[in-house]
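Taking it in order: structure first as structure tokens, then the write-up.
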Amino acid sequence: MEPANVIRRNHPESLRGKRMGFDIRLPIGMMFSVFGVLVGGYGAATRGSEMYTRHSLGINVNLWWGIVMLMFGAGMLLLARRGSLAVRKAASRSAAETLQDRIVKKDRIVK
């Protein structure tokens with residue numbers, strides 16, 4: 001059994017420094033948004049029901065928590081969108097720099 005802190009030297013060079021490209025904020029945002037709409041919709045449909053006065057001091061808990069979940073989900077989706085734009089910009093900048101480096105190297109070799 002190998003200790004967890006041992007760095008493997010035979011790791012392929014092509015995988016070093018690369019990220020998976022999966023942003024967990026996207027599915028979390030989608031899940032909370034869908035649940036927020038469902039719970040909030042149920043709270044809106046049962047507004048004025050006797051169960052709220054009997055069990056939750058007259059507060060429509062489903063409606064309020066549906067709104068909270070929808071806001072959290074929307075925030076996660078916004079952060080996922082912002083993160084994906086930043087990754088795209090960095091990737092295009094990196095590709096442009098790589099192309100520029102190749103052109104410069106080519107010029108040096110030709111001279």
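Candidates are the residues of segment 46-77 that are at pLDDT below 90 and aliphatic (A, V, I, L, M); the one that is surrounded by the most Cβ atoms within 10 Å (Cβ to Cβ) is MET51. Is it the case that some residue within segment 2-11 is modelled with pLDDT under 95 and either in contact with a His (Cβ under 6 Å, 6 or more places away or on another chain) or among the basic types (Lys, Arg) (or both)? The answer is yes, given that some residue of segment 2-11 is modelled with pLDDT under 95 and either in contact with a His (Cβ under 6 Å, 6 or more places away or on another chain) or among the basic types (Lys, Arg) (or both). Evaluation of GLY40 against the conditions (1) surrounded by 16 or more Cβ atoms within 10 Å (Cβ to Cβ); (2) not hydrophobic (A, V, I, L, M, F, W, C); (3) not in a helix (DSSP H, G or I) shows that the sole unmet condition is (3).
The values are calculated or read from the model by the stated rules, or taken from the named source; none is laboratory data. If you're wondering where the values come from, they're calculated on a predicted model, not measured in any experiment. For neighbour counting, all protein chains shown are included, and Cβ atoms are generated from backbone atoms with ideal geometry for every residue, glycine included.
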